[in-house]
Amino acid sequence: MLCLLVGVSLLAVGIPVWLIQPFRHQTPQDLEVSYLLRRWSPVGTSILAGFAVFWVLRLWRGSPGILRRGGLSLALVLALLTAWFAQQNHFEWLFRPPAHPEYAPAEEASFLAGEERVLGIELKGEAAAYPIRQMAYHHLVHDRVGGVPLVVTY
Amino acid sequence: MWELTADGRELEFHLAGINNENFIMRDGQTGSWWQQASGQAILGPLKGTKLNATWKREHPATRVLKRDPTTAGKYAAANWEEEVAAYPVVTPRSPREPLKDRDLVVGVEISGASRAYLLSELTDRGPVNDRLGDSPILLMVFEGGRSVRVFERTVEGQALEFFAATGVDSGRIIDTPTGSTWDLTGLAIAGPLSGRRLARLNPLLDYWFDWKTYHPDTDVYRAGR
């Protein structure tokens with residue numbers, strides 16, 4: 001029973017990690033499954049972790065051997081880890097959004113080579129540029145240009 | 001670049017996964033998943049909603065995103081284009097496709113019609129007058145392919161045709177039938193249409209495999225067609 005709980009939890013977080021990884025061909029079904037699992041796994045794995053805690057406490061007294069207790073501990077750690085992982089956005093571990101994006105006037109942007117390419121926008125008299133070398137890491141930057149809220153994507 | 005307002009509210013986006021080498025973003029308000037290349041919600045409560053694209057242009061008074069000191073070591077190398085070009089491609093390919101997976105294309109979409117223009121075919125060749133769907137459009141690729149401009153070439157209900165101006169005055173184009181002179185930002189600077197501005201379209205400079213994945217009905221421009 002405990003193994004089943006942990007197994008389901010691991011699959012719920014593991015399947016979308018595998019399905020929507022880079023350099024893999026994704027079908028519309030892959031996305032549907034990943035979306036559903038990512039949507040419900042934070043709640044689902046937390047409930048399963050609660051059950052796992054309950055089962056381990058119940059079995060602990062009746063399992064004096066070091067092997068059995070080791071197994072119970074491992075199951076408990078795995079259940080708690082998967083519940084924690086389901087709350088995380090592992091894509092933002094790899095590509096952290098800038099916490100407080102800062103901007104330099106064009107004449108002070110000495111970190112930018114003249115040939116370097118930018119994503120540029122002018123809206124209602126305000127202009128902003130996002131160097132591609134930075135955008136290729138962050139991927140997403142939120143900004144407001146000419147009063148219009150924007151998401152810059154690369 | 002996408003406007004953040006959809007469904008009457010301002011959204012906040014996070015990276016949420018990869019769909020065939022184009023990233024998925026998730027909005028924090030409804031949890032819907034959005035495709036970066038199309039700005040379209042593909043799954044969740046806002047499925048089918050599209051974000052508004054905005055147009056881009058360089059400007060002398062621009063402000064520039066600074067490097068974030070906490071992640072400075074992770075920024076792409078100066079030769080990022082070569083590195084990206086060597087990544088594998090995983091999307092299915094039909095034997096009849098006229099372009100290679102990693103050919104760079106200028107992708108244009110107007111009211112449902114999509115066309116891919118091979119970047120190298122347009123680079124430094126002067127203005128290209130084309131018609132996409134019902135819209136007469138003008139494409140210009142200059143500075144060795146580093147600048148891409150696409151405009152609608154209809155002014156007061158009349159479709160203009162553009163030609164490169166010859167002589168010392170490079171960086172200028174001339175229309176027929178009025179003979180007005182225009183600069184590369186789409187502004188008429190001399191002649192009968194002086195002061196008029198062409199409406200700018202928002203092209204996507206993209207790899208062929210990515211453009212065709214998110215514009216499955218696209219066709220491909222061939223010079224002299």
### Task
Report, by residue number, each residue of segment A:55-83 that is aliphatic (A, V, I, L, M) and either more than 27 Å from A:PRO16 (Cβ to Cβ) or touching a Gly at 6+ places or on another chain (Cβ under 8 Å) (or both).
A:LEU57, A:LEU59, A:ILE66, A:LEU67, A:LEU72
### Query
Only one residue in B:LEU99, B:LEU119, B:LEU65 is within 20 Å of A:LEU119 (Cα to Cα), touching a Leu at 6+ places or on another chain (Cβ under 8 Å) and either free of Cβ contacts under 8 Å to residues at least 12 places away in the same chain or surrounded by fewer than 19 Cβ atoms within 10 Å (Cβ to Cβ) (or both), so which one is that?
B:LEU119
#### Entry: Every pair of residues 6+ apart whose Cβ atoms lie under 7 Å, when the first sits in segment A:48-71 and is touching a residue at least 60 places away in the same chain (Cβ under 8 Å) and over 23 Å from A:SER9 (Cα atoms) while the second is of a type in the set (Lys, Arg) and part of a helix (DSSP H, G or I)
none
### Message
Scan segment A:103-117 and tell me whether some residue there is modelled with pLDDT of 90 or more, within 25 Å of A:VAL151 (Cβ to Cβ) and either assigned by TED's automatic domain parsing to the domain that holds A:GLN21 or aromatic (Phe, Trp, Tyr) (or both).
### Response
yes
### Identity of the residue in segment B:166-183, surrounded by 15 or more Cβ atoms within 10 Å (Cβ to Cβ) and under 28 Å from B:ALA116 (Cβ atoms), that ends up modelled with the lowest pLDDT
B:ARG172
### Query
Taking the stated definitions as given, is A:GLU116 facing another protein chain (nearest Cβ under 7 Å) and either buried (at least 16 other Cβ atoms within 10 Å of the Cβ) or closer than 24 Å to B:ALA76 by Cβ (or both)?
no
### Query
Hey, does segment B:79-94 have a residue that's of a type in the set (D, E, K, R), crowded, with 18+ Cβ neighbours inside 10 Å and more than 8 Å from chain A (Cβ to nearest Cβ)?
no
## Note on the structure
The condition of being farther than 26 Å from B:ARG26 by Cα, assigned to a helix (DSSP H, G or I), among the small types (Gly, Ala, Ser) and touching a helix residue (DSSP H, G or I) at 6+ places or on another chain (Cβ under 9 Å) holds, among A:ALA12, A:ALA52, only for A:ALA52
### Message
Being part of a strand (DSSP E or B), at pLDDT 85 or above and polar (S, T, N, Q) is the filter here; which residues of segment B:1-38 pass it?
### Response
B:ASN19, B:ASN22, B:GLN35
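The values are calculated or read from the model by the stated rules, or taken from the named source; none is laboratory data. Keep in mind that what you see is a predicted model, and the values were worked out from it rather than measured. Counting neighbours? That spans all protein chains shown, and the Cβs are built from the backbone with ideal geometry, glycine included.
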